[in-house]
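Taking it in order: structure first as structure tokens, then the write-up.
The values are calculated or read from the model by the stated rules, or taken from the named source; none is laboratory data. Remember, predicted model here, so these are calculated numbers, not experimental data. A quick note on method: Cβ atoms are made from the backbone with ideal geometry, for glycine too, and the neighbour counts reach across all protein chains shown.
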Amino acid sequence: MITTLIKDYEFETIIGLLEFERIRSQKVRINVEFQSSDFIDYVEVINFIESIYNEHKFKTVENSLEVCSKSLKDKFGSLTLLKMEILKIEILDNALVGARFESKY
């Protein structure tokens, strides 16, 4: 089985609990691995993920992964494996922080 990779995709979104995070977009980095029984266009996956983040303006990275992974499985029903990671790359000067989700279907 082939695993499709999306590595180090960066975009800006509203995400976080702190007041300044609710007002100003910050840069995040997304890494995704997936397997599917059918062809899935990775560009379509990238655009779909970014649209979810822009629509929801999440308060936590954990909640963002829960919603995004469910939405990805709903849209791309042939997914058999999904691993997704989101990193906030501007919140700390000396570290990347974030969360990871993994599911087999």
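Output the residues belonging to segment 1-25 that are surrounded by 12 or more Cβ atoms within 10 Å (Cβ to Cβ), among the acidic types (Asp, Glu) and either in a loop (DSSP other than H, G, I, E, B) or at pLDDT below 95 (or both). Listed by number, the list holds a single entry, Glu21. For segment 92-104, the count of residues that are modelled with pLDDT under 95 and not basic (Lys, Arg) is at least one.
Check Val28, Val45, Val67, Val32 and return the single one that is aliphatic (A, V, I, L, M), in a strand (DSSP E or B) and within 20 Å of Ser103 (Cβ to Cβ). Give the derivation first.
Details: Val28 fails: within 20 Å of Ser103 (Cβ to Cβ); Val45 fails: in a strand (DSSP E or B); Val67 fails: in a strand (DSSP E or B).
Just one listed residue meets the conditions, Val32.
When Thr80 is tested against (1) touching a residue at least 60 places away in the same chain (Cβ under 8 Å); (2) exposed (fewer than 15 other Cβ atoms within 10 Å of the Cβ); (3) among the β-branched types (Val, Ile, Thr); (4) in a loop (DSSP other than H, G, I, E, B), only condition (4) is not met. Candidates Ile46, Ile52, Ile86: the one that is more than 18 Å from Lys104 (Cα to Cα), surrounded by 15 or more Cβ atoms within 10 Å (Cβ to Cβ), out of contact with any strand residue (DSSP E or B) (no Cβ under 7 Å at 6 or more places or on another chain) and modelled with pLDDT of 95 or more is Ile52.
Check whether at least one residue in segment 26-36 is surrounded by 13 or more Cβ atoms within 10 Å (Cβ to Cβ), without any contact (Cβ under 8 Å) to a residue 40 or more places away in the chain and out of contact with any His (no Cβ under 8 Å at 6 or more places or on another chain), and report yes or no. Before the answer, list the steps.
Step one: filter segment 26-36 for residues surrounded by 13 or more Cβ atoms within 10 Å (Cβ to Cβ), giving 26-36.
If we keep only those that are without any contact (Cβ under 8 Å) to a residue 40 or more places away in the chain as well, we get none.
No - not one qualifying residue is present in segment 26-36.
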